[in-house]
């Protein structure tokens with residue numbers, strides 16, 4: 001057993017940089033799994049600063065001075081940040097509470113609609129079975145309403161923390177943008193002077209990470225805004241809540257659209273029934289999904305992620321389990337990062353011919 005471990009060590013951890021990379025990855029995973037909640041504001045600020053750095057970089061490439069580009073990017077971030085936290089999120093929360101309060105009425109309406117099933121198909125379902133199912137559904141909905149009320153009441157003592165985060169995150173984003181070079185030099189001081197492996201992985205992942213993150217944010221904004229506008233134009237209730245849900249559904253590949261379809265169809269059905277308005281809603285929603293998958297995604301993501309669907313779903317489950325919504329959002333680029341690390345990991349065969357390799361960052 002010891003011989004097997006030694007062979008494995010000599011094959012994959014035969015140089016300093018590979019050991020360092022393994023240690024860094026282990027530390028990152030342990031921190032996210034243990035104190036991820038504490039580091040959430042810092043991680044969120046890092047991600048937001050990374051996104052806004054792309055805006056500042058685009059402005060600099062068009063001749064705008066660096067300080068002005070950073071200032072414009074930060075002003076845009078502050079406007080979007082406080083617009084969401086003070087405008088959109090309170091509206092969505094009110095609509096969510098209103099929907100929870102209306103659920104019992106919708107459930108009774110659904111029971112009346114399904115009441116004809118025992119008469120038409122007595123061999124499949126009986127009236128007693130239907131009543132049992134509806135009773136369980138009423139109990140679950142009542143518990144959901146109580147949970148929403150308790151959460152809203154429990155949120156009051158946490159208002160101070162929310163206010164601190166609303167001040168802390170913009171400040172962190174500002175300093176991450178302003179002192180980007182100094183912070184990178186400080187962090188690089190803890191790494192070896194010669195780090196071709198890290199440079200190779202960074203060179204492979206930096207552009208793909210940036211394109212995916214910024215493209216996904218734009219996709220969320222476009223799909224969510226178009227959905228909200230379409231639902232409002234149709235007169236659908238809870239348009240802001242459903243529009244936000246449709247926008248966020250693009251985060252989860254393959255299954256996000258399927259999951260969000262159910263509440264959209266249910267709300268439309270209980271509002272209009274099997275009428276022309278309901279069919280119009282279904283047609284509009286289907287059009288949004290088709291345009292997103294066949295027009296918007298190819299425009300925003302010029303390079304397809306070369307990952308198998310099973311690998312993508314496994315990445316969503318794993319990173320979402322240890323990092324929540326941020327893990328789901330970055331599941332695909334993190335899975336691509338792991339693939340890049342595996343492909344770039346040094347081996348004795350590669351090291352024997354490394355004189356013919358060239359560092360892409362140099």
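Where a number appears in this text, it was derived from the coordinates with a stated rule and is not lab data. Every value quoted in this text rests on a predicted model; they were computed, and no experiment measured them. Virtual Cβ from ideal backbone geometry, glycine too; neighbours counted across all protein chains shown.
Quick one: if you take sqrt(5λ) for each eigenvalue of the C-alpha gyration tensor of the range 197-345, what semi-axes come out, biggest first, whole angstrom?
Working: eigenvalues 240, 43, 28 Å².
Rounded to whole Å, the semi-axes are 35, 15, 12.
Once the Cβ-Cβ distance of residue 175 and residue 338 is raised to the sixth power relative to R0 = 30 Å, the FRET efficiency obtained is 0.50. Using a simple spin-label model with pseudo-atoms 7 Å out from Cα toward Cβ, residue 266 and residue 185 lie 5.6 nm apart.
In this rough spin-label picture, where each label sits 7 Å from Cα along the Cβ direction, the residue 26-residue 129 distance is 5.5 nm.
Sorting check: for 185-195, 21-31, which peptide has the highest mean count of neighbouring beta carbons within 10 Å, and how do the rest follow?
Details: 185-195: 10.5, 21-31: 12.5.
For the peptides 185-195, 21-31, the packing ranking is 21-31, 185-195.
The modelled label-to-label distance between residue 314 and residue 162, using points 7 Å beyond Cα along the C-beta direction, is 4.0 nm.
From the Kirkwood radius over Cα pairs of the range 166-278, Stokes-Einstein at 4 °C and 1.567 mPa s returns a whole-number translational diffusion coefficient of 73 µm²/s.
For the range 28-123, report the translational diffusion coefficient in µm²/s to the nearest whole number, using Stokes-Einstein at 4 °C, 1.567 mPa s, and a Kirkwood Rh over Cα pairs.
Details: Rh = 18.3 Å.
This corresponds to a translational diffusion coefficient of 71 µm²/s.
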